[in-house]
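Following: one structure in structure tokens, then a few remarks.
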Amino acid sequence: MALYIGRRLLQVIPMLLLISLVVFLMIQAAPYDVVDSITTPNMSAETIEIIRQRYGLDDPVLVQYFRWLGNVLQGDLGYSLVSQYSISADLAAKIPNTVILVVPAYLTALALAIGLGLWAGANHGRRIDRFIDGASAIGLATPPFWFALLVIYLFGYYLNWFPIIGMHTVGQDDLIDLLRHFVMPYLVLTVAFAPELLRYVRSSTVSQLREDYVLVQRAFGASRAEIFRNHVSRNVLLPIVTQIGVALPLLVTGAIITETIFGWPGVGPYFLTATKSLDYPVILAILLLSATLVIVGNLIADILYVLVDPRVRLERSRS
Amino acid sequence: MTDVLRVAGLTVDIPNRDGVAVRVLHDVDFTVGHGEIVGVVGESGSGKTMLMRSVVDILPETAIRTWTACEVDGVDRTTRSRGDRLPVSMIFQDPMTSLNPVRRIGYHLVEVIRRFQGVTGGRARQLGIEALDQVGIDDPARRFRQYPHELSGGMRQRVMIAMALLAKPSLLIADEPTTALDVTVQAQILDLITDLRREARLAVALVTHDLGVVAGTCDRVAVMCRGRVVEVGTTDEIFYDPQHPYTRALLAAAPGTEAAGGSLTVSGGVASEWVDASAVRVQHSTTHASLVPAEVAP
């Protein structure tokens, strides 16, 4: 097991290097000169050239890449070209805001998905199943930004229950105020996360109920409830544990659109602002972080799978 | 002495995709006496499995079942409430998929012990391990803790038989219990079943399409074709003096018999001819065969 994890970790390194290089090159290929975000139109060509040299932007692309890589390896993500602030410090301030929004929303979505998915799957083809499945299809087809606008119109404007922007009212720092700001983006995110998970739970329930062991349990006098509680739900829910690993990158990039719409001061607006001005140290830092979380998340998912599924465990120990 | 199982006038309809009811069992009579092994033979789709599933109440949800009698140990079971435990156990064709892959062997056994014997905890565990021992599993305490995938097919079928025994049945229904197993393992499982018949005073209904299995194991045989029992007799009667043309065709189609090389045609015309030409020992097929057009047969 430890060997397996070690081997997987070693595979992560070249993958991350490759991802960072690709991202770096793609940004370089964009038809945009990053120096424009620092200069003003009335600066002379010489001034612009001096600025370019000072930031090292006149060096060949690969030289720039390795310089950046060297710094990252020393833990230095660099500075925003636009604001001159330290990216590490900025991210340290923004990521917690994203996390307190994404984690409750994701957990709510997961709980809803498990409950409704099992319920629908157990009643496959009946009215309740068609209703839940239809609702999740609509949820899946609804873009979060559009749903966010509906929510803002209804609860923020028409009913005027919740503030429509930000995380705190200026000058107020209490929990109640935070929660009032929290409700709408949380609702939107939950609705964004839930349908896909729900469909997974439902279809896996339906297929488990067709398994032979269910028929065998019926032949041995198990009631519907017993079969469901002791056998089917376990088979359905064990693989879901692995979703926790796959969901890891959501902690950073899970709410970019929603945060931006609601002016939630998380990673989302920070990332979009950086993208608009092609502030590439920031873009690189966030993409690298996100890619790392995707890879680490998948590793965690694989390890969890080995831990929860007895069949996989044996195959690993044999190999 | 009453029979262990007596089913009479059993008819089952299952709606197909278009909602048209397909009759999979036509007025079937079937009995199993005490300590008897009754073979049920017939080609795929002849209704063997549906007959057995009717008895243990695991027909598909949409199936419509009617019967004039269903007695187990002389007790009427045509109307049965939920949770009413039947002293009938059933084991299935594919032991590889019969057990829940994420539950240990012991879990399966203890569940049955709790349900049928009301015993839990360490005592149930002990009974489970004893049952594994009884069906010839080596190192039962270790097997008890293992997952199904850690056992071979033959071993898993033994586990199924152990589960079946723990339900304290008077009748064991074995639905092609050896079809998915290696030939050598097949023989072991059949030996185990015949041994249990003696030791546990068990009656057995053995569904199979392997006439060799029937010849070696069964006391009596019921031959099924297109949802009807077309002939019932002792194993000797069926093998040496088959009355129904379908039985003869079935025997002829089996490799190693005298008429080997004959092929069993399944075209509708031929098969319904067989059904109409009812045999001496068949009780109901003459009167009802003509009522059901050949198209509704599976």
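Observations on the structure shown:
- Ellipticity at 222 nm from helices only: DSSP H runs of n ≥ 4 in the protein assembly as shown, each -39500 (n - 2.57), divided by the residue count, give -17500 deg cm²/dmol.
- Taken about its Cα centre, region A:87-282 carries a charge dipole of roughly 800 debye when the Cβ of each Lys and Arg holds +1 and the Cβ of each Asp and Glu holds -1.
- With an a/c value of 1.5 or above and a/b not larger than b/c for the gyration tensor axes a ≥ b ≥ c computed over the alpha-carbon atoms, region A:28-98 is described as oblate.
- For the residues of A:207-219, the average number of beta carbons from a partner chain within 10 Å of their own beta carbon is 6.
- Alpha-carbon centroids, region A:197-215 and region A:106-182: separation in whole Å: 26
- Label zone at B:ALA21, where the point sits 7 Å out along the Cα-to-Cβ direction: region B:50-91 residues whose backbone N lies under 11 Å: B:63-66
- Between region B:98-149 and region B:156-172, the alpha-carbon center distance in angstrom: 11
- Taking every residue in B:106-112 and counting other chain Cβ atoms within 10 Å of its Cβ, the average works out to 3.
- Percent accessible area from carbon and sulfur atoms, region A:87-282, protein chains only, probe 1.4 Å: 69
- Filtered chymotrypsin sites (Phe, Trp or Tyr not before Pro), region A:148-188: DSSP coil and at most 13 other beta carbons within 10 Å: A:TRP161
- Annotation for region B:180-225 versus region A:56-93: alpha-carbon center distance of 76 Å.
- If the segment from A:ASP33 to A:LEU57 were pulled out straight at 0.36 nm per residue, it would be longer than the present Cα-Cα gap by 7.7 nm.
- Taking 7 Å steps out from each Cα toward its Cβ at A:ALA225 and A:GLN11 produces label points 4.5 nm apart.
- 3J(HN,Hα) couplings calculated from phi for region B:24-41 with the Karplus curve 6.51 cos²θ - 1.76 cosθ + 1.60 (θ = phi - 60°) are, in sequence order, 9, 9, 10, 6, 8, 10, 7, 9, 10, x, 4, x, 9, 10, 9, x, 10, 10 Hz; Gly and Pro show x.
- Taking 20 Å as the cut-off, the amide N atoms of region A:1-41 that come nearer than this to a point 7 Å along the Cα-to-beta-carbon line of A:LEU73 belong to A:9-25.
- The residue list A:GLN28, A:ALA92, A:VAL63 was ranked by how far each Cα lies along the charge dipole of region A:1-95 toward its positive end, using unit charges on Cβ atoms, and A:ALA92 comes out on top.
- Hydrophobic, long helices, defined as DSSP H runs whose alpha-carbon span along the helix axis is 15 Å or greater and whose mean Kyte-Doolittle value is at least 0.0, occur in chain A at A:2-29, A:61-73, A:87-122, A:127-141, A:175-209, A:233-246, A:280-308.
- Here r is the Cβ-Cβ distance between A:TYR157 and A:TRP119 and R0 is 51 Å; the resulting FRET efficiency, rounded to 0.05, is 0.90.
- Summary of packing: across the peptides A:204-214, B:121-131, A:42-52, the per-residue average of other C-beta atoms within 10 Å ranks them, highest first, as A:204-214, B:121-131, A:42-52.
- Remark: mean inter-chain Cβ contacts per residue of B:90-102 equal 5, using a 10 Å Cβ-Cβ cutoff to other protein chain atoms.
- Cross-link partners of A:LYS276 among lysines (Cα-Cα below 25 Å; sequence separation of 8 or more within a chain): A:LYS94
- Two-site FRET efficiency, A:ALA89 against A:LEU150, from Cβ-Cβ distance with R₀ of 25 Å, rounded to 0.05: 0.10
- Put simply, when A:23-29, A:252-258, A:271-277 are sorted by average Cβ atoms within 10 angstrom per residue, most first, you get A:252-258, A:271-277, A:23-29.
- Nearest-20 debye value, the protein assembly as shown charge dipole, Cβ charges on Lys, Arg, Asp, Glu: 1180
- Zone of B:SER152's modelled label, taken as backbone nitrogen in region B:178-202 under 20 Å from a point 7 Å along Cα→Cβ: B:178-195
- With the highest mean first, a sort of the peptides B:19-30, B:85-96 on other beta-carbon atoms found within 10 angstrom per residue produces B:85-96, B:19-30.
- Other residues with beta-carbon under 12 Å from the beta-carbon of A:PRO281 carry, at +1 per Lys or Arg and -1 per Asp or Glu, a net charge of -2.
- Efficiency of FRET from Cβ geometry, B:GLU61 and A:ASP174, R₀ 60 Å, rounded to 0.05: 0.60
- Fully extending the segment from A:LEU307 to A:ILE165, taken as 0.36 nm per residue of separation minus the present Cα-Cα distance, adds 46.9 nm.
- Ordering B:GLY35, A:VAL296, A:PHE162 by Cα displacement along the dipole of the protein assembly as shown toward the positive end leaves A:PHE162 in first place; charges were set at the Cβ atoms of Lys, Arg (+1) and Asp, Glu (-1).
- Projecting the Cα atoms of A:GLY134, A:PRO265, A:TYR79 onto the charge dipole of chain A (Cβ charges, centred on the Cα centre) puts A:GLY134 farthest toward the positive pole.
- Bridgeable aspartates and glutamates around B:LYS48 (alpha carbons under 15 Å apart, same-chain partners fewer than 8 residues away excluded): B:ASP13, B:ASP27, B:ASP29, B:ASP57, B:ASP175, B:GLU176, B:ASP210, B:GLU231.
The values are calculated or read from the model by the stated rules, or taken from the named source; none is laboratory data. Note that the structure is a prediction, hence the values are computed from the model and not measured. Every residue, glycine among them, receives a Cβ derived from its backbone with ideal geometry; neighbour counts consider all protein chains shown. Ligands, DNA and RNA are excluded from the accessible area calculation, which covers all protein heavy atoms including side chains. Shrake-Rupley method; radii C 1.70, N 1.55, O 1.52, S 1.80 Å.
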